[in-house]
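As structure tokens, the structure follows; a few thoughts come after it.
The values are calculated or read from the model by the stated rules, or taken from the named source; none is laboratory data. Only a predicted model underlies this, so the values are computations on that prediction, with no experimental measurement involved. Glycine gets a Cβ as well: all are built from the backbone with ideal geometry, and neighbour counts include every protein chain shown. Accessible surface is based on the protein model in full, side chains and every heavy atom, while ligands, DNA and RNA are left aside. Shrake-Rupley method; radii C 1.70, N 1.55, O 1.52, S 1.80 Å.
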Amino acid sequence: EKKLQNKKGRYYFDDAYGLEKGQVFISPLDLNVEKGKVEQPLKPMIRFAMPIFDAAANKKGIVLLNYFGSHLLNRFESLSKSSSGSVLLMNRRGYYLHAEDSDKEWGFMFPGQVEADLTFAKDHPSVWSRIVKTDKGQFEDKEGLFTFSTVYPLSVGMISSNGSGNSLGYSRYELRNKEYFWKQVSFVPHQ
């Protein structure tokens, strides 16, 4: 009982509690926060939640399952090792979820890094503007060869949000299935 924590105020709890019967909330892939701080070592997490109701249709709480995002990201790690270039994964805002330089990952979770704009968009502005506009493709530019695809983790009826890197931050808006996505990018430099 001493280890129980009140998660009211965390965006994923509040967003899931606000849903109607039968709706499912899937959080953005982000880092686990414990007692107001990003947990060390870093623990990527996706949360699946839905509200529960009693027989009289009164909302009683939520069921929340945590999925360790490292299972997903380890796949990108192994792809990176066998690739001629870099295999990257970014969220919809261009923040690195997996990068060759791990210091650039999870920039949206740390206030100093948010200001530093550790994004693919900052590193490759013209490339990001092409990638973000279409679902998949391949092109070569002055930097090298870029191959990309879009992953839509949500199905119809599932809802996500923009999340929050703050321990008691709230999400400002919800995202429907096509609004929430990741970009997978393979980059092979000319050399």
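For region 72-91, taking the residues that are modelled with pLDDT of 90 or more and in contact with a Pro (Cβ under 9 Å, 6 or more places away or on another chain), the one that is farthest from Phe146 (Cα to Cα) is identified as Leu73. Only a single criterion out of (1) part of a strand (DSSP E or B); (2) in contact with a helix residue (DSSP H, G or I) (Cβ under 8 Å, 6 or more places away or on another chain); (3) open to solvent by 40 Å² or more (accessible area, probe 1.4 Å) is not satisfied by Phe148, namely (3).
Put simply, of Glu105, Glu140, Glu100 the only residue that is modelled with pLDDT of 75 or more, in contact with a strand residue (DSSP E or B) (Cβ under 6 Å, 6 or more places away or on another chain) and open to solvent by 60 Å² or more (accessible area, probe 1.4 Å) is Glu100.
Residue check: is Met50 assigned to a strand (DSSP E or B), under 20 Å from Lys104 (Cα atoms) and among the aliphatic types (A, V, I, L, M)? Let's see the steps before the verdict.
On the way: assigned to a strand (DSSP E or B): yes; under 20 Å from Lys104 (Cα atoms): no; among the aliphatic types (A, V, I, L, M): yes.
Considered against the rule, which asks whether it is assigned to a strand (DSSP E or B), under 20 Å from Lys104 (Cα atoms) and among the aliphatic types (A, V, I, L, M), Met50 comes out as no.
Restricted to region 55-140, the set of strands (runs of 3 or more DSSP E) holding at least 3 residues that are touching a residue at least 24 places away in the same chain (Cβ under 8 Å) and farther than 21 Å from Arg10 by Cα comprises 86-91. Select from region 113-137 the residues that are open to solvent by less than 40 Å² (accessible area, probe 1.4 Å) and not aliphatic (A, V, I, L, M) and list them in ascending order. Residues satisfying the conditions are Thr119, Phe120, His124, Trp128, Gly137.
Test Glu20 against the stated conditions and say whether it is on the phi < 0 side of the Ramachandran plot, of a type in the set (Asp, Glu) and open to solvent by 60 Å² or more (accessible area, probe 1.4 Å).
On the way: on the phi < 0 side of the Ramachandran plot: yes; of a type in the set (Asp, Glu): yes; open to solvent by 60 Å² or more (accessible area, probe 1.4 Å): yes.
Yes: the conditions hold for Glu20.
If you filter region 1-59 down to residues that are under 17 Å from His71 (Cα atoms) and among the basic types (Lys, Arg), you find that the one that is modelled with the highest pLDDT is Lys43.
What do you reckon, is Lys81 under 25 Å from Trp128 (Cα atoms) and either of a type in the set (D, E, K, R) or open to solvent by 70 Å² or more (accessible area, probe 1.4 Å) (or both)? Quick ask: steps written out before the conclusion?
Values: under 25 Å from Trp128 (Cα atoms): yes; either of a type in the set (D, E, K, R) or open to solvent by 70 Å² or more (accessible area, probe 1.4 Å) (or both): yes.
Against the criterion (under 25 Å from Trp128 (Cα atoms) and either of a type in the set (D, E, K, R) or open to solvent by 70 Å² or more (accessible area, probe 1.4 Å) (or both)), Lys81 qualifies.
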